[in-house]
1. Taking DSSP loops as anything outside H, G, I, E and B, show the longest stretch in the chain free of GluC sites (Glu not before Pro) there with at most 15 other beta carbons within 10 Å.
2. Find out how many positive minus negative residues lie around T200, taking Lys and Arg as positive, Asp and Glu as negative, among other residues whose Cβ is under 10 Å from that of T200.
3. If you scale each eigenvalue of the Cα gyration tensor by 5 and take the root, what three semi-axes come out for the stretch 92-210, rounded to whole angstrom and sorted largest first?
4. For K96, give me every one of the lysines with a C-alpha distance below 24 angstrom, ignoring sequence neighbours fewer than eight places off in its own chain.
5. If you roll a 1.4 angstrom probe over the protein chains with everything in place, what fraction of the accessible area of the chain belongs to carbon and sulfur, to the nearest %?
6. Using a simple charge model, +1 on the beta-carbon of Lys and Arg, -1 on the beta-carbon of Asp and Glu, nothing else, what dipole does the stretch 36-117 show about its Cα centre, in debye to the nearest 20?
7. Report ³J(HN,Hα) in whole Hz for each residue of the stretch 145-160, in order, from the Karplus equation J = 6.51 cos²θ - 1.76 cosθ + 1.60 where θ = phi - 60°; Gly and Pro get x.
8. Along the three principal axes, how long is the chain when you take its alpha carbons, biggest first, rounded to the nearest angstrom?
Amino acid sequence: MHTSLQLSHPEHLHLPNSAFSPYLGADQEWYPQLWQRKAGCGPTTASHLVLYNAKNHPSLGLQSADTKDEMVALMETLWTYITPGIMGVHLVSQFKRGLERYISDRALPVSVASLALAKDKSRRADLDEVKAFLVASLSDDQPVAFLNLSSGEVDNLDPWHWVTIVGLEQEYEEGRLLVEVYDGGRRWIIDLTTWYHTTTRSAGFARLVL
C-alpha cells in the first residue's frame, strides 16, 4: 500500500532540449559566470518556484520562461535577490528573505512559508512535521525548495545543495517517504526517510503561498 502526490503540471518546469528529451527543470550550470555555476543552486531552485507559478497563475504577471535562454534570464533575476555568499545559500532564512524581497518589489499577493530543521536532532522537527509541510505544499500545487547540507546515507543527493521537490510517495510496507526532485535538468527519487535519520547538518524547506 502507498500514497502519492505530485504537482498537477510538472511540465510547467520542463524546457525544450533539441538533442534529447526535455530538461526537467533548470541547471545551475547554465549560469554564465563560474561562481554562479558553482554556487547557484539556491537562485536556480527559487526560479523553479517562480516559473511554476508564472505558468500556473499567469494573472500574477511573474517572469516566465519557455526556452533555456529565457530560463537563464529568470535565474539571473533571482540571483540578484538570493545571492550566494562564501558559503553559498546555506540558510533557509537567507533563501526566504530573498524570495520575499522579490515578491515585495513586485507587490504580489504572495508569501513564503518555510520549515527549518535544526542540526541538533533533539531540537529538530520530526519527520511527520516534514511530511505535513510537503503534503500541504503539494496539495496546494506548489513545488518545494529543499536545502540539504549533509546527504547522510543517501547517495543520489548532492550535499550543500538546493533541489526542487515536485512529488512524494509514502511506502507504508517499508515505512519510507520518497520525494521526487528536479535537479540539474533531471529527475531523481530521494529516500527522505533515510536522509532525515542520517543527515548530520541543518536543512529545510520553503514554498510560495498564494
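1. Working: sites that count: E153, E173, E174.
That gives 1-152 as the longest site-free run.
2. +3
3. The three semi-axes for the stretch 92-210 are 24, 16, 14 Å.
4. Cross-link targets: K38, K55, K119, K121, K131.
5. That fraction is 51 percent.
6. Numbers: 8 positive and 6 negative charges, 47 e Å.
That gives a dipole near 220 debye.
7. 7, 10, 9, 10, 9, 10, 7, x, 9, 8, 8, 9, 9, 6, x, 6
8. Principal extents (largest minus smallest coordinate, Cα): 43, 38, 37 Å.
The values are calculated or read from the model by the stated rules, or taken from the named source; none is laboratory data. The structure displayed is predicted, hence computed values, not measured ones. All Cβ positions, glycine included, derive from the backbone under ideal geometry; neighbour counts span all protein chains shown. All accessible areas refer to the heavy atoms of the entire protein, side chains included, with ligands and DNA or RNA removed. Shrake-Rupley method; radii C 1.70, N 1.55, O 1.52, S 1.80 Å.
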